[in-house]
Amino acid sequence: MISDNMIKKLNYQINREIYSGYFYLGMAYYAASIGLKGFANWFHCQAKEEYEHAGKIADYVTQQGARVMLGAIEEPPQDFSSGPGLFQRTLEHEEKVTGLINGLVVVAKSEGDKDTEQFLQWFVKEQIEEEATPTRILGKIKTLGAEGLSKIDAQLSARK
Ligand code: FEO
């Protein structure tokens, strides 16, 4: 049986995933404000994905017969200064999220909670992708430089 402690921690992770969505939504609107429509599209898609992550955990908590408790979401950063900088912030943010997911796995393991440990494996794999994608985009930005920004913007507009 899942512990109250595990439920509390999963509820906190729901909060962090929703915050992540809010974090990326702010980036999407910043990108739109500086005319980077493709960047804006990418961050809107990313925000949507974060809400799906939150939903996945919320469904699991519910399935376990526990209650989803939604907490307050703090204001996301507003101090952006360039399109490319958004991907550095993305990478740093995802590294923090990976740390949180790994922390949940440690708790599940220490409590002998095999179901939750197994459930979290999807997130462990997802975090590999969540870090790899901004790393790849940052690499492109570095390679193509400022002149290549419109090309990258066009590529980012393809995300669905
Ligand atoms: Fe839900 Fe970007 O991790």
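The values are calculated or read from the model by the stated rules, or taken from the named source; none is laboratory data. Just so we're clear, the structure is a prediction, and the values are computed from it rather than from any experiment. Because the Cβ atoms are built from the backbone with ideal geometry, glycine has one as well, and the counts that use them run over all protein chains shown.
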Checklist line | Residue in the range 1-45 that is modelled with the lowest pLDDT, counting only those that are outside any helix (DSSP H, G or I) and surrounded by fewer than 18 Cβ atoms within 10 Å (Cβ to Cβ) | finding: Met1
Note to self: Out of Lys48, Lys96, I need the residue that is within 16 Å of the ligand (Cβ to nearest atom), surrounded by fewer than 20 Cβ atoms within 10 Å (Cβ to Cβ), under 11 Å from the mean Cα position of the chain (by Cα) and farther than 30 Å from Glu111 by Cβ. Which one?
What the structure shows: Lys48
